[in-house]
1. What order do you get for Glu46, Glu82 when you list them from fewest to most C-beta neighbours inside 10 Å?
2. For segment 34-105, compute Rh as the Kirkwood radius over C-alpha pairs and then the Stokes-Einstein diffusion coefficient at 25 °C and 0.890 mPa s; write the answer in µm²/s, rounded to an integer.
3. Compare the peptides 53-65, 22-34 by average per-residue count of other Cβ atoms within 10 angstrom and give them in order, highest first.
4. With a sphere of radius 15 Å drawn around the Cβ of Tyr40, what net charge do the other residues whose Cβ falls strictly inside it have (Lys, Arg +1; Asp, Glu -1)?
5. Provide the net charge surrounding Gln68, with neighbours chosen by a C-beta distance below 14 Å and charges set as Lys +1, Arg +1, Asp -1, Glu -1.
Amino acid sequence: MTHAFEGADVLGKEFIDTGLKSFASLSKSIQAIAVDATEYTKKSYEDGSTAFQKFAAAKSPEAAFEVQAGYAKSTYEGFVAEATKMIDLYAELARDAYKPFEEIAPRAK
């Protein structure tokens, strides 16, 4: 009977250690996501500001339309690229968070 409790104690300690490893991994991944989101936001703001200046300086409606069309295209492409990058970062976050538990999950049965 005592042996069963000792096994549960060892498994509990392993589970806590694994949880801490998972938490450290989550923290690192969330920091990477926050940095990437901040950089994207800054770049989007700068691009929008530049496009607005070009739009305001346009000498004809055709030139203004070209500026607007170029900005819309580049913004869309940038958004798609950023969304893909974020999906990859979140997938990596999930893999890294689960990885420490892969080793102890089979032993918990």
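FYI, it's all coordinate maths here, none of it is from the lab. Nothing here was measured: the structure is a model prediction, and the numbers come from that model. With ideal geometry, Cβ positions are generated from the backbone for all residues, glycine too; neighbour counts draw on all protein chains shown.
1. Details: Glu46 10, Glu82 17.
Placing the least packed residue first, the sequence is Glu46, Glu82.
2. On the way: Rh = 14.8 Å.
In µm²/s, the coefficient is 166.
3. Numbers: 53-65: 11.2, 22-34: 13.5.
Going from most to least packed, we get 22-34, 53-65.
4. On the way: positive: Lys42, Lys43, Lys85; negative: Asp36, Glu39, Glu46, Asp47, Glu77, Glu82, Asp88.
Local net charge: -4.
5. Working: positive: Lys54, Lys73; negative: Asp47, Glu62, Glu66.
Around Gln68, the surrounding residues sum to -1.
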